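A.B. asks: The structure's right below; bear with me while I get my questions together.
Taken together, the values in this text are just the output of simple stated rules run on the coordinates, not laboratory data. As the structure is a prediction and not an experimental result, all values here were calculated from the model. When we count neighbours, we look across all protein chains shown, and the Cβ atoms used for this are built from the backbone with ideal geometry, even at glycine.
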């Protein structure tokens, strides 16, 4: 066990929920949930997008309160004492979900990595004081555990999305909590980083420490899961030890084998046009004074579809941001877009391009926008709207939401959606109008198997209608069969273009 600082006093023995419900406005996110996690138990929580998994974890942490019904009870057992207030227990619980990472970006808290991890010792958002010698040793140990010891003095927002997630994993582990709540915690991590984290859960975490992990992917299930719960429509429909007859069994989480049909590429409008769509020449892009990638030559020809791969921090998200028009090459490099005449505003290009990315999701998660407003903003390449949608725009929004199966959620606010639901809304935003190009950064992260399959079908239709794809992913099973070209970004080496 690495040296660390933990809360003094008796350990957290259990958290018990009995007939607990949570309502947001008119929507019941959780109904009559009874659930107990005890010291040393390792829970896997499954269920489709919007089923209530994140709400359950936040109830366990004490970040949200049950809606009064007269039946609800929530008890925190520490040592031999029992309390219905979460204050003391919270010092022994670490929670990690996507919203913490989003908060740093949204508020532009560009702290040193060391300081971000250090806030986990005191459960604060930002540092309140300088770290002492013991705290610095604990932070350094936590960074070593997640493979980021060399990044302690880097700025948090200068890191890749996946690197930021690993920093926050270190933050969650630095105080040696009694309970880890891990909500889709492996989203955005490359294969090596996912394996390393699961290996740490197995080998390094004290056997007395409990954890609860949510995931939609079979490869993200730790081998030492002891209990499984499944939620559907806000209700716990099964919960219990693994393999006990009549109780929960190991879930049938399987990777989507379909991976898209083979569209007739020769019949698409894009394939019939001979010119290139985008060209990069000698492109170098800097962030926070550091070259993310250098001297890249790359061409997107009409009818081509590309997969962008590589480890966390190699430059995949920066590359898609450059293609979208939010970054520009340094002096000496250039980017050319065949549909954008010289001197034309970049907004003209963005109207032809749909974007889905974790960064865009973080931006919208902080807004008060409704689902309708988020999707409608895709017609203007804006964040939010300056004026209400026209009748024609509203009709386009309804069609886009119907395609992704979320029309009934059109009046909900972004903060009332699950992570996966908001990702689907952003896909509706990206496809609310005909696009020449879709830039998809980890599109399928946070989505259940059925939703991934439905989304793959929608990509098939878009490709048949002439849309081209550039898809960045850490999961090869998320790549449709018709995506035949690969751009591999490598740390400290030139990107590799392969067929």
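A.B. asks: How big is the gap, in Å, between the Cα center of region 333-372 and the Cα center of region 408-444?
C.D. replies: A separation of 14 Å, based on Cα centres.
A.B. asks: Continuing with the same structure: Tell me the label only: which of (i) 160, 80, 32; (ii) 83, 50, 46; (iii) 74, 49, 44 is Cα extents along the principal axes in Å as calculated from this structure?
C.D. replies: Of the labelled values, this structure produces (iii).
A.B. asks: How do the peptides 43-49, 388-394, 144-150 rank, highest first, by the average count of neighbouring beta carbon atoms within 10 Å per residue?
C.D. replies: Highest mean packing first, the order is 43-49, 144-150, 388-394.
A.B. asks: OK, next. Can you give the FRET efficiency for residue 75 and residue 298, using 1/(1 + (r/R0)^6), R0 = 51 Å, r = Cβ-Cβ distance, to the nearest 0.05?
C.D. replies: That pair, residue 75 with residue 298, gives E of 0.35.
A.B. asks: State the antiparallel share, in %, of DSSP beta bridges confined to the chain, rounding to the nearest 5.
C.D. replies: If I count the DSSP bridges inside the chain, around 55 percent turn out antiparallel.
A.B. asks: Run the paramagnetic zone check for residue 347: 7 angstrom along Cα to Cβ, then residues of region 387-409 with backbone nitrogen under 14 Å.
C.D. replies: Within reach of a label on residue 347, which here means backbone N under 14 Å from a point 7 Å along Cα→Cβ, region 387-409 contributes 387.
A.B. asks: Multiply the residue gap between residue 408 and residue 330 by 0.36 nm, knock off their C-alpha separation, and tell me the result in nm, one decimal place.
C.D. replies: My answer for the length gained is 23.6 nm.
A.B. asks: Divide by every residue of the chain the summed helix terms, -39500 (n - 2.57) for each DSSP H run of at least 4, and state the resulting mean residue ellipticity at 222 nm, rounded to the nearest 500 deg cm²/dmol.
C.D. replies: Mean residue ellipticity, 222 nm, calculated: -8000 deg cm²/dmol.
A.B. asks: How big is the gap, in Å, between the Cα center of region 32-110 and the Cα center of region 177-227?
C.D. replies: Distance between centres, Cα-based: 17 Å.
A.B. asks: Using the basic label-point model (7 angstrom from Cα toward the beta carbon), what is the residue 218 to residue 291 distance in nanometres?
C.D. replies: In this crude spin-label approximation the distance works out to 4.3 nm.
A.B. asks: Measure off 7 Å from each Cα along the Cα-to-Cβ vector at residue 275 and residue 237, then give the distance between these two points in nanometres to one decimal.
C.D. replies: 5.3
A.B. asks: Where a ≥ b ≥ c are the square roots of the eigenvalues of the C-alpha gyration tensor, would you call region 383-475 rounded, which needs a/c under 1.5, or, failing that, prolate if a/b is larger than b/c, or oblate?
C.D. replies: Oblate is the answer for region 383-475, as a/c is 1.5 or above yet b/c matches or exceeds a/b.
A.B. asks: Quote the relative contact order of the chain in percent (integer), defining contacts as alpha-carbon pairs under 8 Å separated by 6+ residues.
C.D. replies: RCO, the chain: 17 percent.
A.B. asks: Just the number, please: percent antiparallel of the DSSP beta bridges in region 12-241, rounded to the nearest 5.
C.D. replies: Percentage antiparallel, nearest 5: 60.
A.B. asks: On full extension of the chain, what length is gained from residue 226 through residue 391, given 0.36 nm per residue of separation minus the C-alpha to C-alpha distance?
C.D. replies: Taking residue 226 through residue 391 to full extension adds about 54.1 nm, to one decimal.
A.B. asks: Write down the percent of antiparallel bridges among all DSSP beta bridges whose residues are both part of region 265-498, to the nearest 5.
C.D. replies: 50
A.B. asks: Could the peptides 65-75, 428-438 be put in order, highest first, of the mean number of other beta-carbon atoms found within 10 Å of their residues?
C.D. replies: 428-438, 65-75
A.B. asks: A further question follows. What percent do you get for the relative contact order of region 12-241 when only Cα pairs under 8 Å and 6+ apart count?
C.D. replies: Computed over region 12-241, the figure is 30 percent.
A.B. asks: Further, regarding this structure: Which of the peptides 52-63, 84-95 is most tightly packed, and how do the rest follow, judged by the mean count of other Cβ atoms within 10 Å per residue?
C.D. replies: Averaged packing, sorted descending, gives the order 52-63, 84-95.
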